[in-house]
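What follows is a single structure, written as structure tokens, with notes after it.
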Amino acid sequence: MTGPLVTLEVHDTLLAARRAGEAALECSLDLGRSTTTVEAGEDAWTWQGQRYPYLETCKGRTIYYWTGAQFELTRTRATRWR
């Protein structure tokens, strides 16, 4: 099993669900390749039976990956020039 990848969009979705008291939500934890169900808890969220802490801070255009013990920044996502 590959761990979840968290972006600012996912982070904001998780926090909104927690604030709204939603028990579960649909989001992508693989950079938009698929959607999955996540359970939103008060102090952590659960995916595939594993609990993960909410990020304390989350930067835009950044991907965070699960190391097995914590989330770490992996890289900044490229943006298109307009």
*Kindly indicate whether residue 82 is among the charged types (D, E, K, R), more than 15 Å from residue 2 (Cα to Cα), part of a strand (DSSP E or B) and modelled with pLDDT under 95.*
no
*In segment 1-30, what count of residues is obtained for those that are loosely packed, with under 13 Cβ neighbours inside 10 Å and of a type in the set (A, V, I, L, M, F, W, C)?*
5
*For residues in segment 1-46 being small (Gly, Ala, Ser) and not in a loop (DSSP other than H, G, I, E, B), which is farthest from the chain's Cα centre (by Cα)?*
20
_Cross-chain or 6+ apart pairs with Cβ under 8 Å, segment 15-37 first and closer than 19 Å to residue 65 by Cα and in contact (Cβ under 8 Å) with a residue 12 or more places away in the chain, then hydrophobic (A, V, I, L, M, F, W, C) and loosely packed, with under 13 Cβ neighbours inside 10 Å_ = 37/24
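The values are calculated or read from the model by the stated rules, or taken from the named source; none is laboratory data. For clarity, every value in this text was computed on a predicted model and none was experimentally measured. Don't worry about glycine lacking a Cβ; one is built from the backbone with ideal geometry, like all the others, and counts go over all protein chains shown.
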